[in-house]
Each structure stands twice: as structure tokens, then as C-alpha cells.
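Here the structure is laid out as C-alpha cells; the discussion comes afterwards.
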Amino acid sequence: MTYVLSDLHGCYEAYRTMLEKIHFGPDDSLYVLGDIVDRGPDGMKLLLDLMGRPNVTVLRGNHDHTAWLMLRHVGMRVDSSFAEQMGEMCRLWMSDGGDVTWQGYKKLKREEKARVLHFLQSLPVYDEITVGNQRYFLAHTGPDPQKIQQLEDCTLMDFLLGEIDYNQPYFPDRYFVSGHTPTGLIDPAYTGRIYRKNGHIAVDCGAVFGEALGCLCLDTGEEFYVKTGKNG
């Protein structure tokens with residue numbers, strides 16, 4: 001079976017419970033649509049787990065990208081102007097949940113730190129898959145529906161901080177599966193559950209904010225939920 005979820009944000013226990021709930025095994029595939037770290041307590045633990053699973057594909061989220069930018073400069077000697085710029089970015093990151101990521105990273109062994117940085121750097125921003133006869137476009141988020149038709153013109157930031165228009169279908173022949181925006185902010189009627197409308201499937205159900213971790217089986221359409229407390 002092929003499963004998809006997003007925005008784990010350090011919610012390791014909910015993630016492990018979800019794997020048990022779906023009976024995730026070596027013949028299954030899981031796509032995680034970004035934002036593994038920040039806000040919740042166990043981002044590093046999650047990364048190390050995901051990195052060791054050959055049947056899991058992780059896409060890059062904006063929090064993962066920012067964490068990589070911040071952590072790779074730890075200990076580097078830089079000029080004063082760059083240090084000032086990085087200092088402001090770091091303050092913003094810390095205030096948006098990066099403090100727990102930093103604390104977890106500091107506890108890793110040197111080899112683990114190197115592996116984590118390499119993994120974060122290697123994450124793609126989108127993927128296209130076919131399950132059965134149905135095609136899917138997977139990304140953390142994306143640009144407007146016109147721009148995405150020319151993928152070569154899209155930027156990294158389009159897939160990290162773009163604002164999807166959930167009122168418009170993006171593709172005539174596939175579903176756009178995304179995370180980034182908690183489903184309750186797309187439509188309050190979908191708070192804490194997976195949003196499916198207008199050719200979109202949004203799977204960030206707000207786990208780190210005390211709602212639920214949602215997971216969708218693309219083979220059957222079955223939805224799975226693990227209720228979380230605030231911060232996972």
C-alpha cells in the first residue's frame with residue numbers, strides 16, 4: 001500500500017502510533033510531505049527514523065529547509081554582515097519552533113549531525129507518482145495553478161512558501177496532494193481531518209497544534225487519524 005502524510009513537526013509518538021495503526025511494513029511505501037522538524041519535541045528523532053527507512057520518501061518543507069540553512073552554519077567563521085543577517089534569520093527561526101530542533105541537534109553525535117545535514121540538503125520539493133490508475137502530484141505546497149503548469153519556471157520558494165488556491169483544480173489528470181496549511185484553515189469544516197475537494201488532497205491536519213495526525217492510503221482512499229495533544 002502507498003500512504004501519504006505531512007507536517008509531523010517533531011510529533012514522533014504520533015508518527016510511531018500511525019505506523020502501527022496502518023500496519024506499515026517493508027512492502028508498503030510512505031510519502032511524507034515535509035516539515036519534519038520544529039515546534040514539536042522530537043524532530044531529530046523523527047529524522048533519524050525516517051532516514052533509516054528505504055521505503056519512505058520525504059519531501060522538503062519550509063521548516064526543514066530553514067533548519068538546514070541554520071544548522072549548517074553552526075561553527076562556521078563568517079564576516080560581520082553575514083553574521084548579522086544570519087542572526088536575524090536565526091531569531092525568526094527560533095521564535096517559530098526552531099529552538100527545539102536546535103536543542104535536539106546539539107545532542108547528536110558528530111556523525112549523526114553530518115547525516116542529518118546531508119539528508120535535509122538532499123530532500124526534493126515535489127514528486128509525481130501513479131498508484132493504480134490514478135496519478136498524483138505531491139509537494140509541501142505550491143504556486144498558483146497557472147505557474148505550476150510550467151514546472152521549469154517554478155522556484156524553490158514556490159514549493160516551500162507558495163499559497164495554494166484550493167478553490168481551483170491544478171491538473172486535469174491528477175490530484176495535487178499537499179501539506180503546509182492546516183486543513184482547518186482551508187475550510188473550518190475540515191478541522192482535524194483530511195481535505196478533499198476541487199482536485200486537491202490536503203493532509204496537514206494540525207497534529208502539532210493538538211488536532212490529529214492524518215494519513216491517507218492512496219490505494220484505497222482510507223483515512224487514518226491519530227489524535228495528538230498540543231506539541232505532539
Most fluctuating residue given options GLY210, GLY132, GLY192, as computed from a GNM of the chain linking Cα atoms under 10 Å: GLY132
Using a 1.4 Å probe, what is the accessible area per residue for the stretch 23-161, in Å²? 53
Largest first and in whole Å, give the semi-axes of the stretch 93-133's equivalent ellipsoid, each being the square root of 5 times a Cα gyration tensor eigenvalue. 29, 16, 9
Under Karplus coefficients 6.51, -1.76 and 1.60, residue-wise ³J(HN,Hα) of the stretch 14-20 in Hz, glycine/proline x: 5, 4, 5, 5, 5, 4, 5
Counting residues in the stretch 152-232 as N, plug N into 2.2 N^0.38 Å and put the Cα Rg over that result. 1.14
Karplus-derived 3J(HN,Hα) from phi for the stretch 212-221 (6.51 cos²θ - 1.76 cosθ + 1.60, θ = phi - 60°), whole Hz, x at Gly and Pro, runs 8, 8, x, 9, 10, 8, 6, 6, 10, x
Any idea what angle helix 80-93 forms with the longest principal axis of the chain, computed on alpha-carbon atoms, 0 to 90 degrees, nearest 10? 40
Helix-only estimate, please: 222 nm mean residue ellipticity of the chain, summing -39500 (n - 2.57) across DSSP H runs of length 4 or more and dividing by its residues, to the nearest 500. -9000 deg cm²/dmol
Can you give me the long-range amide H partners of ILE201? Hydrogens built in the peptide plane at 1.01 Å from N, cutoff under 5 Å, separation of 5 or more residues or another chain. PHE176, VAL177, SER178
Candidates ASN55, ASN133, ASN198; GNM for the chain (alpha-carbon contacts under 10 Å) flags as most fluctuating ASN133
So, with a 1.4 angstrom probe, what is the percent of accessible area on the chain that is carbon and sulfur? 49
Tally Lys/Arg at +1 and Asp/Glu at -1 over every other residue whose Cβ is under 12 Å from the Cβ of LEU117; what's the total? +1
Can you give the longest run of the chain that contains no trypsin sites (Lys or Arg not before Pro) sitting in a DSSP loop with at most 12 other Cβ atoms inside 10 Å? 110-232
Rank PRO172, PRO143, PRO182 by mean-square fluctuation in a GNM of the chain with C-alpha springs under 10 angstrom and give only the top-ranked residue. PRO172
Please list log₁₀ I(q)/I(0) at q = 0.25 Å⁻¹ for the stretch 101-199, using the Debye equation with identical point scatterers on the alpha-carbon positions. -1.31
What span do the alpha-carbon atoms of the stretch 9-74 cover on each of the three principal axes, reported in whole Å from largest to smallest? 38, 21, 17
Compactness summary of the chain: radius of gyration and Dmax from Cα atoms, Å, are 17.3, 55
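The values are calculated or read from the model by the stated rules, or taken from the named source; none is laboratory data. From a predicted model like this one, the values you see are computed outputs, not experimental measurements. In this analysis, Cβ positions are derived from the backbone assuming ideal geometry, glycine residues included, and neighbour counts consider all displayed protein chains. When the accessible area is computed, the model is the full protein with side chains, heavy atoms only, and any ligands, DNA or RNA have been set aside. Shrake-Rupley method; radii C 1.70, N 1.55, O 1.52, S 1.80 Å.
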